[in-house]
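*Asks:* First, the structure itself, so that you have it in front of you.
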Amino acid sequence: AFDVVAQSMGGLVGITGPVGSAGFPNGASVGDIFPGVLMALGVVSAIHHARATGEGQFLDVAMYDAILSLCETVVVNYSVTGKALSPRGTGHPSLCPFDVYPASDGAVAIAAPTDNHWAKLCQIIGRPELIEDERTRSNARRVQNREFVTDVVARWTSARTKHEIVAALGGSVPVGPANTAAEIFADPHVAARAMLAEIQLPGNNPAMSVVGTPIKFAATPAGVYRRPPLLGEHTEEVLAEAGISDRAKEKQP
């Protein structure tokens, strides 16, 4: 299986993409990465079981199954309503506002589906009358009138930069900029969390950055400690760790 196949079969493709489209993958290699995350958790769980019982077991994680587990909203909505979800852009089918909105220099994500956050958002954007408006006074009503809500929020965000929007909403309403790669590299949060690690490639090649480990341990810090090996580069090291000699070299005169 390949990433795009797993995303398609598991339902992710069917609910992403522009509204009214046939759907398309969201760009990230979720179909490759998420099954590995589940496999790691499965291995840890199996080790606990083996320690308790003295018995091992076979473990497998299918890419299709992994993506399907991510798309529980597809299953739940079809089970309850009998209706299949279609692509809904960047929004959430059951929450509003909960979407990505245009800024004058890009886009921002705003999540204000609760009545508390909606009231704060209305006050900040200068539309306090919408707090008790029949069309918008509850999440359910806002979902029904999503187009209206989206227009109200987008009119306010599109007249401001990402920085201005985050400065206005931050601390009151969940908000964040839609970062480009350049902005991720310049983000102090990314630096503070050591989420970019530089490795030196072999040969006459420049250094490159890879993503650091997202799991932070206080007692046993993890990280990128060396680059991926060339073919056969670590053969002797791996064999030595396993207590196996390199018989091919032993046979050489």
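The values are calculated or read from the model by the stated rules, or taken from the named source; none is laboratory data. A quick note: this is a predicted structure, and the numbers were derived from the prediction, not measured. Glycine also receives a Cβ, built like all others from the backbone with ideal geometry; neighbour counts cover every protein chain displayed. Just so you know, the surface numbers come from the protein's heavy atoms only, side chains and all, with ligands and any DNA or RNA stripped out. Shrake-Rupley method; radii C 1.70, N 1.55, O 1.52, S 1.80 Å.
*Asks:* How many of the residues in segment 136-161 are open to solvent by 60 Å² or more (accessible area, probe 1.4 Å), in a loop (DSSP other than H, G, I, E, B) and under 12 Å from Cys96 (Cα atoms)?
*Replies:* 1
*Asks:* Being open to solvent by 60 Å² or more (accessible area, probe 1.4 Å) and modelled with pLDDT of 95 or more narrows it down to one of Glu183, Glu164, so name that one.
*Replies:* Result: Glu164 is the single residue among Glu183, Glu164 that is open to solvent by 60 Å² or more (accessible area, probe 1.4 Å) and modelled with pLDDT of 95 or more.
*Asks:* Of all residues in segment 74-94, which are farther than 18 Å from Ala107 by Cβ and either in a loop (DSSP other than H, G, I, E, B) or of a type in the set (A, V, I, L, M, F, W, C) (or both)?
*Replies:* Val74, Val75, Val76, Val80, Gly82, Lys83, Ala84, Leu85, Ser86, Pro93, Ser94
*Asks:* Count, please, the residues in segment 40-56 that happen to be over 28 Å from Thr213 (Cα atoms) and among the charged types (D, E, K, R).
*Replies:* Final tally of qualifying residues: 1.
*Asks:* Out of segment 199-224, which residues are surrounded by 10 or more Cβ atoms within 10 Å (Cβ to Cβ) and either farther than 20 Å from Ala40 by Cβ or of a type in the set (Ser, Thr, Tyr) (or both)?
*Replies:* Ile199, Gln200, Leu201, Pro202, Met208, Ser209, Thr213
*Asks:* Still on this structure: Can you tell me which residue in segment 49-87 is most open to solvent (accessible area, probe 1.4 Å), limited to those that are among the hydroxyl-bearing types (Ser, Thr, Tyr) and without any contact (Cβ under 8 Å) to a residue 12 or more places away in the chain?
*Replies:* My answer is Tyr78.
*Asks:* Out of segment 174-205, which residues are at positive phi and touching a residue at least 12 places away in the same chain (Cβ under 8 Å)?
*Replies:* Selection gives Ala194 alone.
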